[in-house]
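The next block holds one structure in the form of structure tokens; read it before the comments.
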Amino acid sequence: MPIETNQYFFGNSLVNFSEGGSQTNLPYWLNQLTLEAGGTYNVNGGFGFLRQFADRLEPANEWGFQGITGEWDDDSERFADQAFSQVVITPGNFIQDLAPTANYPDGNISPVGATESILATVLTDQPNAQIFIYQGWSDLAAFSETFPPSESSIERYYDYNQEDYHTWFIDYVDTLNASTPDANITLIPVAPVLASLLEDGGPLAAINTTDLFTDSAPHGTETTYFLASLITYQATNGEPAPASFDVPANIHPLVVENYTELLDYIEVQTTNYMDMVVSTPELGPELGPELEPETPAEETPAEETPAEETPEEPIVAPEAAPTPDVAPEPAPLPAPEAEVVSPSEPELAPEDTPQPETPQETERAPALEQPPVSDTNLEPPAETETETETETETWRGQELEQGVTVADMMAAEALYCTPEQIAEAEAFYAAEQSADLGFPTVPMSTFYAQESPYNDSEEDESAPLSASLKTIVTDIL
């Protein structure tokens, strides 16, 4: 029976990296694979994080993708008027430093609590939809202050994705299935399966980090999102992607040349990681045959698990991660010689690991590009949880817009700027203001000749600080 999929994503840039181009997202590839299998695929979705999603009265309809027409027209229909077959919820990838049931440091709700609020809307408005949790790959900046990372850093990163990071998602989904049994949630284990493909000894270990990621967030290339789509297709349909699919040449040649073998590997590994969840629901007829694990499910590691969405306190990388306790993997595929090609990518400045003191969530993904939709549609996280909320706040000498707090600005500054930039900004705005100009007159150093949210002019290295950072945060929220 042909697969007929109509998905809605509560997503972020690990699902849809709009700045990377038309193919750095899951829906583009899921559509191509479904069409090859003789089925139909439709999708809608929007950007945000768990608390933002929970605070919205109606899910956002912000996305558009090449070759796909979403069935939901929110100009004439409500979310409840559309019949989605699958709803996918995406937690942040930098929030796992506390247990999923622990409250956010600045509020009185946990990741589980926020998700339960989302589920209440989904179960009411989409009672027939199957619900998934998308486990995107974890934050790379916690393992390396520079990009690309060293070989030892990337190996620790891949270990973490298969171990503690995955354990957090197991606990998260198990808790949600226990507290909201009608949700019948299934985990899409992209992070551990992708890591097992890419780690030392894996089938795709020969692929360079720069052929997979463009920064330390880390946003992916077309190859990364294509691999993620193969894992997602397996998890959501209960069967591998079609072996007849003609993988395009912009995907890494090692993937192209070993595509059918990779499908077998992904089927085994995805099933194994899904079986670690206590209450993996059976897939209905419309989703394909029920998954039958080839190896027994294994116990989850009894280790402390990281937690939720606080980019200000990044994940602490394990110093010596043990070998992941998963089922044996098929023998690695041979890497082709002298055919590895890197897609052309813009040069990005190395990112420092963010160290902000305020726990406000901040997305690293840019605004949606296709179709042109302003990412100002992202609503700001609810500020009723903070103890210091005021009617109107100022920051760096300017009033903040309604719903944007000093905590938001400090978190974004810590995420986008280096410690040196922040220190100079503080010195700048601490200086005495000019009565004639209305702003401090301390000149900026040539440090800001490179790209910086503080530099209004690429040619004028002594330009005064401006509201650019405020604009960045306002756009994001």
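The values are calculated or read from the model by the stated rules, or taken from the named source; none is laboratory data. What you see is a predicted model, and the numbers here were worked out from it, not measured in a lab. No Cβ is skipped: glycine too gets one built from the backbone with ideal geometry, and neighbour counts run over all protein chains shown. For accessibility, only protein heavy atoms count, side chains too; no ligands or nucleic acids. Shrake-Rupley method; radii C 1.70, N 1.55, O 1.52, S 1.80 Å.
Consider residue 44 carefully, then state whether it is in a loop (DSSP other than H, G, I, E, B) and polar (S, T, N, Q). No: the conditions fail for residue 44. Looking only at residues in the stretch 6-43 that are open to solvent by 10 Å² or more (accessible area, probe 1.4 Å) and in contact with a helix residue (DSSP H, G or I) (Cβ under 6 Å, 6 or more places away or on another chain), the one that is nearest to residue 251 (Cα to Cα) is 23. Scanning the stretch 243-274 for residues that are within 26 Å of the chain's Cα centre (by Cα) and β-branched (Val, Ile, Thr) gives 247, 251, 255, 256, 266, 268, 270, 271.
Only residues that are in contact (Cβ under 8 Å) with a residue 60 or more places away in the chain and at negative phi were counted in the stretch 35-64, giving 17. Could you grab me the full set of residues in the stretch 47-75 that are more than 22 Å from the chain's Cα centre (by Cα) and either buried (at least 20 other Cβ atoms within 10 Å of the Cβ) or part of a helix (DSSP H, G or I) (or both)? Matches in the stretch 47-75: 72 only. Taking the stated definitions as given, is residue 104 in contact (Cβ under 8 Å) with a residue 60 or more places away in the chain and part of a helix (DSSP H, G or I)? No: the conditions fail for residue 104. Name the residues in the stretch 106-124 that are modelled with pLDDT of 95 or more, more than 21 Å from the chain's Cα centre (by Cα) and surrounded by 18 or more Cβ atoms within 10 Å (Cβ to Cβ), would you? Listed by number, the list holds a single entry, 121.
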